[in-house]
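Worksheet: the structure to be examined is printed underneath.
The values are calculated or read from the model by the stated rules, or taken from the named source; none is laboratory data. Only a predicted model underlies this, so the values are computations on that prediction, with no experimental measurement involved. Note that we place each Cβ from the backbone using ideal geometry, even for glycine, and neighbour counts take in every protein chain shown. Accessible surface areas use protein heavy atoms only, side chains included; no ligands, DNA or RNA. Shrake-Rupley method; radii C 1.70, N 1.55, O 1.52, S 1.80 Å.
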Amino acid sequence: RATMKSLRFISAEAFVSNAEFARRSLSAVAHNLFPLLFKASYLLEQGDVIHDLVENWPLVDFNVGKLLGATVDYQEDLSHRTCSVCLESCLTGLRDYVLNRSSPYMKRLKVVDLTGIKDVEVQFCECKKTMGRWARTQLLSKLCVELLVYLQQAQCNPGTFKISIDVLIDLFVTERNYELVVQALLKKCYCPLKIRCMAFRSDNLTLQKFFCIIKLTDPSLLRKLEIVHNVRLEMEHLEILLNSIHFPLLMSLTLPARTFNVRRFTATDEQMLTNIGEKMGEMTQLTELSMSFSILTGRLQKLISPLKAPLKMLDVSNCSLNHADMTYLANSFHANHLEALDLSGHDIPELYPSTFFKLLSHSSSVLRSLTLEDCNIQDIHVNMLILGLRPCQKLYEFKFVGNPLSSQALKQFFTFLCELPMLKNVEFPVPRDCYPIDITYPIDDASLCRFDHQKYESVAEELNLILLRANREDVRASTPLFGSYDAAVQETNNELGTYLIKSFKETLEKFTTSFNKMS
């Protein structure tokens, strides 16, 4: 659907569409028109014009999210277009802003904010080439290091060293870009472009490197910390991290799989868990917590009861929660504030049906995202689930892949989903009757694709027809067999794959050595 453009925006498009003319004429353009020209150039992917606009930016701040967001002149939000041509032009333009020989007194830019860029699955830019979070981290770090080298070697205007621009960015560091990012962070006090890390994600890093780089990011500024794949952070390391580094502004914390395992707890471990809970309680801004694939049986209260602020997002998928955990959660002050909840991997109908529905009723007025994958929800539970979800009128997405539901039950459930006014995204399971009769749940990865694809397509068509008949074309329904889209994983999947193969090889070698010694 076409978005209306003001006459001003149409004129801006016409101006930047002739790149050569636009670049020659920039010096005569009024300063207040630069934001308008920037968005028009971004829409038309005019990289050279974007570069020159940024190089000559006349304003105090350059906030990419706001510049590309909905404006009076053009309502469409372009901040989800991570176009490689446009973003590279922005960053090289920023470097050249520093090197531009115009008088330093003319340079007003103080803050560049790159945090509003959104990485999404489907790109609408013409070039179809994206620059994800990892690549943005890599390019900015590279430009900062190169800029310092150049300033040290060249005869620059002395005023250039007085330029100080805070560049707010969400960093994404793996083994492959670690050295470069460390170099940029170590030297940031000498560089006119000061990297200010607002959110930090690390994958594929040794613990030593993780601890080194997290200190360099300036943790006092961090809003979000994600320690995800192949960072072997266990409970004792988490305690050291929280004891040695203060995160006063942290709002969101994601911990890697198997951080906690209460099955092998000693008295010392119990005390350690208490200490971690207390340290998390000191993070007064913390409202989002993800601890999937840890074993937390009976310890959820100990970990999250010290939190001062109510949690808005909680991911405890595959955490082996028991009835006591669910009872605590349903009755806690967090329950009334939960906007996003993931309880995947728990047999909810068998273990704690009434407590779960109590939790759902408490969070119903604010709940926007609910994930119940591999929860053993069967046809006999659908009516109860409908009753539980009916008050959740703000629900935006519901994911329930991996549950043994028939085609008929899914049709009944989709008829109900049409009633939820805010719903936009549904991830549903392959119907049970599309699989061989001897299939067992949860389905292992090897059997996931062993279903009747033709029958599935037919059912999926019927489900979409139910949405269409209810005038709910705004709802996207899909079945991501191997999990929802993750922009960060997608961008670094080659490195992730290489690391997993290497880990498997090392494990195999250790096993062979042990076996040979036994022989």
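Remark: pairs (first residue in the range 109-127, in contact (Cβ under 8 Å) with a residue 12 or more places away in the chain; second residue open to solvent by 50 Å² or more (accessible area, probe 1.4 Å) and aliphatic (A, V, I, L, M); Cβ separation under 6 Å; 6+ apart in sequence or on different chains) = K110/V60; C127/V85.
When every residue of the range 336-346 is checked against the conditions, none turns out to be of a type in the set (S, T, N, Q), touching a helix residue (DSSP H, G or I) at 6+ places or on another chain (Cβ under 8 Å), open to solvent by 10 Å² or more (accessible area, probe 1.4 Å) and not in a helix (DSSP H, G or I).
Listed by position, the helices (runs of 4 or more DSSP H) contained in the range 81-190 that have at least 1 residues being open to solvent by 50 Å² or more (accessible area, probe 1.4 Å), at pLDDT 95 or above and farther than 30 Å from K209 by Cα are 84-99.
Only one residue in L417, L463, L448, L405 is touching a Phe, Trp or Tyr at 6+ places or on another chain (Cβ under 6 Å) and closer than 19 Å to I377 by Cα, so which one is that?
Checking each option against the conditions leaves just L463.
Filter the range 39-65 down to residues that are open to solvent by 10 Å² or more (accessible area, probe 1.4 Å) and in contact with a strand residue (DSSP E or B) (Cβ under 8 Å, 6 or more places away or on another chain), then give me how many there are. The number of residues fulfilling the criteria is 6. Evaluation of R264 against the conditions (1) in contact (Cβ under 8 Å) with a residue 24 or more places away in the chain; (2) out of contact with any strand residue (DSSP E or B) (no Cβ under 7 Å at 6 or more places or on another chain); (3) farther than 14 Å from L238 by Cβ shows that the sole unmet condition is (1). Is it true that some residue in the range 348-368 is touching a strand residue (DSSP E or B) at 6+ places or on another chain (Cβ under 9 Å), in a strand (DSSP E or B) and in contact (Cβ under 8 Å) with a residue 40 or more places away in the chain? Taking every residue of the range 348-368 in turn, none turns out to be touching a strand residue (DSSP E or B) at 6+ places or on another chain (Cβ under 9 Å), in a strand (DSSP E or B) and in contact (Cβ under 8 Å) with a residue 40 or more places away in the chain. Where helices (runs of 4 or more DSSP H) sit wholly within the range 225-333, those with at least 2 residues that are open to solvent by less than 20 Å² (accessible area, probe 1.4 Å) and farther than 27 Å from I348 by Cα occupy 235-244, 267-281.
The set of residues in the range 356-370 being closer than 7 Å to E339 by Cα and either touching a Pro at 6+ places or on another chain (Cβ under 6 Å) or not hydrophobic (A, V, I, L, M, F, W, C) (or both) consists of R368, S369. When each of I439, I466 is tested for being open to solvent by less than 90 Å² (accessible area, probe 1.4 Å) and under 21 Å from E373 (Cβ atoms), the lone residue that passes is I439. Quick check on S27: is it of a type in the set (S, T, Y), free of Cβ contacts under 8 Å to residues at least 40 places away in the same chain, out of contact with any Leu (no Cβ under 7 Å at 6 or more places or on another chain) and open to solvent by 30 Å² or more (accessible area, probe 1.4 Å)? In short, yes. List the number of the failed condition for L496; all other conditions in (1) within 18 Å of F413 (Cβ to Cβ); (2) aliphatic (A, V, I, L, M); (3) modelled with pLDDT under 95 hold. It fails just one condition, (1). Listed by first and then second residue, the pairs with beta-carbon distance under 8 Å, at least 6 apart or on different chains, first residue in the range 408-434 and assigned by the TED database to the domain that holds F451 and buried (at least 22 other Cβ atoms within 10 Å of the Cβ), second basic (K, R) and assigned to a helix (DSSP H, G or I), are P431/K455.
Within the range 7-23, is even one residue assigned to a loop (DSSP other than H, G, I, E, B) and out of contact with any strand residue (DSSP E or B) (no Cβ under 6 Å at 6 or more places or on another chain)?
yes
Scanning the range 387-414 for residues that are farther than 24 Å from D315 by Cβ and either of a type in the set (A, V, I, L, M) or assigned to a helix (DSSP H, G or I) (or both) yields L387, S407, Q408, A409, L410, K411, Q412, F414. V149 meets all of the listed conditions (1) β-branched (V, I, T); (2) in the same structural domain as L67 (by the TED database); (3) under 20 Å from Y178 (Cα atoms) but one, namely (2).
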